[in-house]
Amino acid sequence: MSATAITTVQVQGISAETLLQRFDNLESQIKLLQQQPNPSTDRLITRDETAKLLGVSLVTLHNWVKSNILIAYRVGNKVRFKENEVLASLQQINSKR
C-alpha cells in the first residue's frame, strides 16, 4: 500500500466539516503554543552574560537594576537575571528609541 492509499483510508469516513473543525482546532493550538514563552529562555544568566547580551557595562547594568529597568535575583550571594525578562526589557528599550 502506498502512502496515498493510507492517507485516503484515514480521511475516508470523516465529513468535510469535521475535518475543517479539526484543522481549526489544530491551528488555534499552534497559535497558543507560539504565544507561550520559550522554556529554554527561562534560565538564569550571570551579570557578565546579561551585560554582554545588552551591550552595556556592568556599571550601567547595576544602574538599570537600581532604576528598576531590569529585575535582578539573588541566588545565595550571586546576582542573576532571567533571560526572558532581559530580552523583554531590551525590546522595551529599543521601542523607546
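Here are some notes:
- Hits in region 43-97 - residues which are in contact (Cβ under 8 Å) with a residue 24 or more places away in the chain and open to solvent by 90 Å² or more (accessible area, probe 1.4 Å): Arg43, Arg47, Lys78
- Across region 73-97, the qualifying residues are those that are over 13 Å from Glu49 (Cα atoms) and aliphatic (A, V, I, L, M), and the one among them that is modelled with the highest pLDDT is Val75.
- Among the residues of region 39-97, those that are among the hydroxyl-bearing types (Ser, Thr, Tyr), in contact with a helix residue (DSSP H, G or I) (Cβ under 9 Å, 6 or more places away or on another chain) and not in a loop (DSSP other than H, G, I, E, B) comprise Ser40, Thr41, Thr50, Thr60, Ser89.
The values are calculated or read from the model by the stated rules, or taken from the named source; none is laboratory data. It should be emphasised that the depicted structure is a prediction, and the values quoted were computed from it without experimental measurement. Positions of Cβ are generated from backbone atoms using ideal geometry, with glycine treated the same way; all protein chains shown enter the neighbour counts. Calculation scope for accessible area: heavy atoms of the full protein, side chains included, ligands and nucleic acids excluded. Shrake-Rupley method; radii C 1.70, N 1.55, O 1.52, S 1.80 Å.
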